[in-house]
């Protein structure tokens, strides 16, 4: 039996009672931190609270040599832990398929997901979100040209035209680090400067830092202003709202410090 | 202090350790079951496990007379429990705004959400979902005309054209009950019969029953076939996939019994 358990958003206490029960009944417990990371905890705290030894798997362990450790799940209880909800990464789905190929029964124990948490934190309604997108760190090509992805700009534009909010995930890079809301705003304005379609001009954005922690920060402001607003440590994420319903606008003003002017001209 | 705590998907053990800690430190604990329901538990089981008396709030208590019980949160710890993640319903956002108006500090403890769970259960990738939609129960108008909403059909059509999957929530009605996957397929085919645009013809759909329970059922098949497939008890939800990536198609075949023919012509 292989149980996939989502750890939730921030620290070792975001796991569900059901997930903890799976750990207690497990013969072996694994975790991977490379597709997602819990900023509020570490392996030691997890092992202490869960009262169980946990083995950290590298990308290679998960993607190249999974059979080596999956084989134990044929006749004992193996738990595989990941940040957020389980199965968010294609890697996890692939792992589940390989387990199925080996005749191993799998179960999923769900955890809180950032995709849902940003709705609660911002007050923006879940059913009004369109396709999500990730802003990658810009890079310099072999020819010495700075490459900035235009995809986030286009996705946001298409969503706004359809009246839909956009969840904008920010790149996590081993070398370049966790992208901040400030960097993300800078990048969107850089693309605006190139394309000049006006999508990011006087555009409201919501910056969210440390979702799921005891001290999340949620700040709504126009992109130009949010570029210079300090939200504190990682992880950061952004939402670009489309036209707002009244309760959404009220929530952004009262809970996220948005300029009160956004309350005008709302249905 | 008012803590909003998401209970997760199915039963009393889907709450996080952090949520349980909030309950233990609470002076009063409330729950509402009218925007969302946990099929695998009841008030008695929750009170037993959480070792705390829990008061059930009606829609009127939450939407008309919230000040009556919110006032305690000014100088004591009040916890407000809801199924799924917290703040999914506009009602909860509204409640948080009223608490803010009363000078009450609020926090959110997130729980697993169906919007994320369906990705894990189906193997369909989170970032490939477009706008979600709800299929309402058809009804007979005052003039005796059967009214079937065309909105779900249009939303699915638009998403497919944009290459995006659609999460289709199914109506929960006090009188008409929990809509099943079978009823949902019947309704989509009825609208297809009227509009004749072919969106639902030879269209793959994924039916999911009892997400978060120990025995979820996930079945992928063409809409005509899924209409007659028995998935067992509620709650049900549907995903209509757009064009599939290879791992997604493989997951639907191996984990959801989709016809193997869908593996042909995939990139």
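Throughout, read-outs are computed from the coordinates displayed, never taken from laboratory work. Source: prediction; values computed, not measured. Glycine gets a Cβ as well: all are built from the backbone with ideal geometry, and neighbour counts include every protein chain shown.
One decimal place: the segment residue B:60-residue B:194 gains 44.3 nm when fully extended, by the rule 0.36 nm per residue minus the C-alpha distance. Give me the percent of DSSP beta bridges within the protein assembly as shown that run antiparallel, rounded to the nearest 5. Percentage antiparallel, nearest 5: 50. With label points defined 7 Å past Cα in the direction of Cβ, position residue B:52 shows copy-to-copy spacings of 2.5 nm, given to one decimal and shortest first.
Centre-to-centre separation between the Cα atoms of the stretch A:96-135 and those of the stretch B:1-72: 24 Å.
Helix B:90-101 axis versus longest C-alpha principal axis of chain B: approximately 30°, rounded to the nearest ten. What Kirkwood hydrodynamic radius do you get for the protein assembly as shown when you take the inverse of the mean 1/r over all pairs of distinct Cα atoms, in Å? After inverting the mean inverse Cα-Cα distance, the result is 24.1 Å.
Adding -39500 (n - 2.57) for every DSSP H run of four residues or longer, then dividing by how many residues chain A holds, sets the calculated 222 nm ellipticity at -9000 deg cm²/dmol. Debye-formula intensities of the stretch A:63-184, expressed as log10 I(q)/I(0) at q = 0.21, 0.22 Å⁻¹, are -1.18, -1.23 (one equal scatterer per alpha-carbon, no solvent). Compactness of the stretch A:4-67 is given as radius of gyration and Dmax, 11.6, 32 Å, from Cα positions.
Mean sequence separation of contacting Cα pairs (under 8 Å, at least six apart), scaled by the length of chain A, corresponds to a relative contact order of 18 percent.
Cβ crowding within 10 Å ranks A:95, B:70 as B:70, A:95, fewest other Cβ atoms first.
Cβ-to-Cβ counts within 10 Å put A:45, B:13 in ascending order as A:45, B:13, the fewest first. Ordering A:113, B:89 by the number of other Cβ atoms within 10 Å of each residue's own Cβ, fewest first, gives B:89, A:113.
In summary, the stretch A:180-267 shows an alpha-carbon radius of gyration equal to 1.09 times the 2.2 N^0.38 Å reference for compact globular proteins. Solvent-free Debye calculation, one equal scatterer per alpha-carbon of the stretch B:128-217: log10 I(q)/I(0) at 0.10, 0.16, 0.19 Å⁻¹ equals -0.28, -0.71, -0.96.
Sorted into 10 angstrom bins from 0, the C-alpha pair distances of the stretch B:2-109 split as 15, 54, 29, 2 percent.
Mean sequence separation of contacting Cα pairs (under 8 Å, at least six apart), scaled by the length of the stretch A:1-157, corresponds to a relative contact order of 32 percent. Relative to the dominant Cα principal axis of chain A, helix A:246-256 is inclined by about 80°.
Given R0 = 56 Å, the distance between the Cβ atoms of residue B:42 and residue A:71 translates into a calculated FRET efficiency of 0.85. An ellipsoid equivalent to chain B, defined through the eigenvalues of its Cα gyration tensor, has semi-axes of 37, 21, 16 Å when rounded to whole angstrom and sorted largest first.
Across the identical copies, the label point of residue A:63 (7 Å from Cα in the Cβ direction) is separated from its matches by 4.8 nm, in order from shortest.
Ranked from shortest, the separations from the 7 Å Cα-to-Cβ label point of residue A:261 to its equivalents in the other copies are 5.8 nm. For the stretch B:114-263, the Cα gyration tensor yields ellipsoid semi-axes of 24, 18, 14 Å (square root of five times each eigenvalue, largest first, whole Å).
The label-point distance for residue A:174 and residue B:101, in a model that sets each label 7 Å from Cα toward Cβ, rounds to 5.3 nm. Only beta bridges with both residues in chain B are counted; by DSSP, about 50 percent of them are antiparallel. Overall form of the stretch A:165-221: oblate. Here a/c, set by the Cα gyration tensor axes a ≥ b ≥ c, is 1.5 or more, and a/b is not larger than b/c. Between the helical axis of A:181-195 and the longest alpha-carbon principal axis of chain A there is an angle of about 50 degrees.
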